[in-house]
1. Principal axes first, then extents: for the Cα atoms of the chain, list largest minus smallest coordinate on each axis, whole Å, largest first.
2. Most mobile of Pro42, Pro34, Pro54 per a Gaussian network model of the chain (Cα springs, under 10 Å)?
3. Please give me, ordered by residue number, the chymotrypsin sites (Phe, Trp or Tyr not before Pro) of region 4-42 that lie in loop per DSSP and have at most 16 other Cβ atoms within 10 Å.
4. Quick one: Karplus J couplings for region 41-46, per residue in order, coefficients 6.51, -1.76, 1.60, θ = phi - 60°, nearest Hz, x for Gly and Pro?
5. Using a 10 Å cut-off around each Cβ, can you sort Val21, Val57 from fewest to most neighbouring Cβ atoms?
6. Name the long-range amide H neighbours of Met18: under 5 Å, sequence gap of 5 or more, or other chain; modelled H, no Pro or chain starts.
7. What list of ³J(HN,Hα) values in whole Hz, one per residue of region 12-29 in order, does the Karplus curve 6.51 cos²θ - 1.76 cosθ + 1.60 (θ = phi - 60°) give from phi, with Gly and Pro shown as x?
8. Going by C-beta contacts inside 10 Å, put Ile11, Ile58 in order with the fewest on the left.
Amino acid sequence: MQLTGTQIDAIYHTSIVMNGVEYYYGQGIQTAAPGTTHHGQPMERLKLGTTELPTEVIEEWLGSLADIYTPEVRLYEKG
């Protein structure tokens with residue numbers, strides 16, 4: 001409450017876990033062991049399905065996004 005003057009019960013964060021790795025955005029695209037990020041333990045877990053893509057293909061695609069999703073990216077640009 002000190003920072004905003006308003007009671008905030010939670011600041012939500014979304015990530016995805018594939019092949020034992022949690023992928024999330026924070027200072028760029030990052031990885032961690034599931035449930036060990038600075039965001040703490042998840043409040044909810046949803047199973048989204050499976051993929052047949054090899055881990056190398058997924059990591060290559062995520063690497064291609066690194067220049068877009070940088071620590072400086074502004075997710076909500078004002079118009």
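1. Principal-axis extents of the Cα atoms in the chain, largest first: 47, 31, 20 Å.
2. It is Pro54.
3. Working: sites: Tyr12, Tyr23, Tyr24, Tyr25; in loops: Tyr12.
Listed in order of number, the matching sites are Tyr12.
4. Each residue's phi maps through the Karplus curve to give 6, x, 7, 8, 10, 10 Hz.
5. By the 10 Å Cβ count, ascending, the order reads Val57, Val21.
6. The list, which skips near neighbours in sequence, is Tyr23.
7. Going residue by residue, I get 7, 9, 10, 8, 9, 10, 9, 6, x, 10, 8, 10, 8, 9, x, 6, x, 6 Hz, with x marking Gly and Pro.
8. Sorted ascending by nearby Cβ count, the order is Ile11, Ile58.
No lab work stands behind these numbers, since they all come straight from the coordinates. Model, not experiment: these values are computed from the prediction. A quick note on method: Cβ atoms are made from the backbone with ideal geometry, for glycine too, and the neighbour counts reach across all protein chains shown.
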